[in-house]
Amino acid sequence: MKNHQSESEQFHELRRKAEEFLDKNPEEMLPENVKNLVEELNIHQIELEIQNEELRRIQRELEAARDKYVDLYDFAPVGYTTVSAKGMILEANLTITAMLGVERSLLIGKYFSGFVTEDTHDVFYFHHRKLFETKVRQNYELKLVRKDGTRFDAYLKSVAVEDTEGNITRARTVITDISDRKQAEEALRERTEELERSNRDLEQFAYVVSHDLTEPLRTVSSYVQLLERRYKGKLDADADDFIGFAVDGATRMHALIRDILAFSRVGTRGKPFEPVEAEHIFTEAMANLRVAVTESRAVVTHDALPSVFGDASQLTRVFQNLISNAMKFRGEEPPRIHITAERKGRKWLFSFRDNGIGIDPEHSDRIFVIFRRLHTRDKYPGTGIGLAICKKIVERHGGRLWVESREGAGSVFCFTLPVQENKGVPK
Ligand code: ADP
């Protein structure tokens, strides 16, 4: 700009002299080459003015862009600072000054560590040093202290700023206040712990109650069975019925208590997880169901099954319950059951498809609740615990169990199990 101005000043001077000369010498008397020179000078002046105007426009645009940048920098939703190798704050935007409750002028030149809580000092020094040593971007969490002494959780992303020779001169850091997220995480963790504790208490309670009920129930059962054996046909017809109801009730109660015990044992008596072949689990379940499979003339097929990580006896129970339900809730045709396992990202998706009576989608959540059934006992025997146990086992393994079905159109029971990396690829 300066060069152009001085050039323009020189030009004006030249022009003034030329005009003086022209005043004294009428134009027609000038030699041709001087006339040309005057013409050229006029054109040159116009060009310079255009250039000046262009430069002024560029300057205005640069100023507007700078204002925009300053606004964006200062009022960004995150804090920005640059910190020297020694840890001194060189720059800070308004957001970080507001986060810390310190004016910018009092922030610049201070050591950043002065705003870091004592217990996270080491974390700061570790990452700050590492950034300068390796030039590798550092993302980490710290606790920062405001001017009034209160603390907050912050997430920092630091990158290295290099000079033209490639030396790191400072760290540019973006700082986000994550206290809300941290508080929500903490609240969630406390609630999860609380829920786990109350679940454990409930399991323990169910276990103790069902265990303690077994003994008196056994006494009731054996005495009503004794009554039945000794007095059936010896009293009147009503008495026979009453005794029959009592025997029935005791038997059912026995089955219910046995099921509650089994349900509570999923969490309390589970074995540690180990790699297991789903193929092997299938074979075990089928061996346990041999009689029912023969009787119902069921055809049970499966695709390649992976190896998974879990409690083999619990997973056998899941396979067994799902296959046995598929046979129990059969339609007119002999049951056809097909099992597949498909990898979906970090999960295995197991599906048990049958050609049975199906389930109205309206009930697809209810059937997994303990003792919930959709049919009477005379039509289909059972206590309504099987699926609740399956669900609990699958959830203990970190998976999910659900059903996809329409009434009369067969059902597909699906569950997921986490994939063990480097394991579980179907053969
Ligand atoms: P139970 O078999 O003792 O009734 P479950 O918990 O295993 O208990 O099943 C709950 C209910 O879910 C069953 O009563 C039945 O109505 C429904 N159900 C389960 N499996 C199937 C299936 N394969 N086809 C249709 N309905 C099913």
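Values as computed for the structure displayed
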| read-out | value |
| --- | --- |
| All positions within region 364-379 that are over 19 Å from ARG317 (Cβ atoms) and near the ligand (Cβ under 6 Å from one of its atoms) | LEU374, HIS375 |
| Residue satisfying condition, being among the aliphatic types (A, V, I, L, M), closer than 23 Å to GLY267 by Cα and modelled with pLDDT under 95, within set ILE385, ILE359 | ILE385 |
| Residue among THR316, THR340 that alone is within 16 Å of the ligand (Cβ to nearest atom), under 27 Å from the mean Cα position of the chain (by Cα) and modelled with pLDDT of 90 or more | THR340 |
| Subset of region 168-205 (residues that are under 30 Å from VAL116 (Cβ atoms) and among the small types (Gly, Ala, Ser)) | ALA171, SER179, ALA184, ALA187 |
| Test for ILE168: is it at pLDDT 95 or above and either within 15 Å of SER84 (Cα to Cα) or charged (D, E, K, R) (or both) | no |
| Answer residue from region 205-238, given it is touching a residue at least 40 places away in the same chain (Cβ under 8 Å) and of a type in the set (Gly, Ala, Ser) and is farthest from VAL266 (Cα to Cα) among those | SER210 |
| Residues of region 303-313 satisfying the condition of being outside any loop (DSSP other than H, G, I, E, B) and over 27 Å from the mean Cα position of the chain (by Cα) | ALA312, SER313 |
| Residue within region 124-134 that is outside any helix (DSSP H, G or I), surrounded by 14 or more Cβ atoms within 10 Å (Cβ to Cβ) and in contact with a Leu (Cβ under 9 Å, 6 or more places away or on another chain) present | no |
| Per-region count, region 140-173, residues farther than 16 Å from THR97 by Cβ and among the aromatic types (Phe, Trp, Tyr) | 2 |
| Matching option when the condition is over 24 Å from PRO275 (Cα atoms), touching a strand residue (DSSP E or B) at 6+ places or on another chain (Cβ under 6 Å) and within 10 Å of the ligand (Cβ to nearest atom), among GLY382, GLY386, GLY331, GLY358 | GLY358 |
| Any hit, region 353-363, residues being touching a His at 6+ places or on another chain (Cβ under 7 Å) and either of a type outside the set (S, T, N, Q) or in a loop (DSSP other than H, G, I, E, B) (or both) | yes |
| Where GLY399 falls short, out of the listed (1) buried (at least 21 other Cβ atoms within 10 Å of the Cβ); (2) near the ligand (Cβ under 8 Å from one of its atoms); (3) small (Gly, Ala, Ser) | (2) |
| Helices (runs of 4 or more DSSP H) within region 229-302 that include 2 or more residues under 26 Å from TYR207 (Cβ atoms) and touching a helix residue (DSSP H, G or I) at 6+ places or on another chain (Cβ under 7 Å) | 237-268, 278-288 |
| Sole exception among (1) closer than 24 Å to ALA98 by Cβ; (2) within 24 Å of the chain's Cα centre (by Cα); (3) of a type outside the set (Gly, Ala, Ser) for GLU194, by number | (1) |
| Sole exception among (1) near the ligand (Cβ under 10 Å from one of its atoms); (2) in a loop (DSSP other than H, G, I, E, B); (3) more than 30 Å from GLY249 (Cβ to Cβ) for ALA409, by number | (1) |
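The values are calculated or read from the model by the stated rules, or taken from the named source; none is laboratory data. Remember, predicted model here, so these are calculated numbers, not experimental data. Positions of Cβ are backbone-derived with ideal geometry, glycine not excepted, and every protein chain shown enters the neighbour counts.
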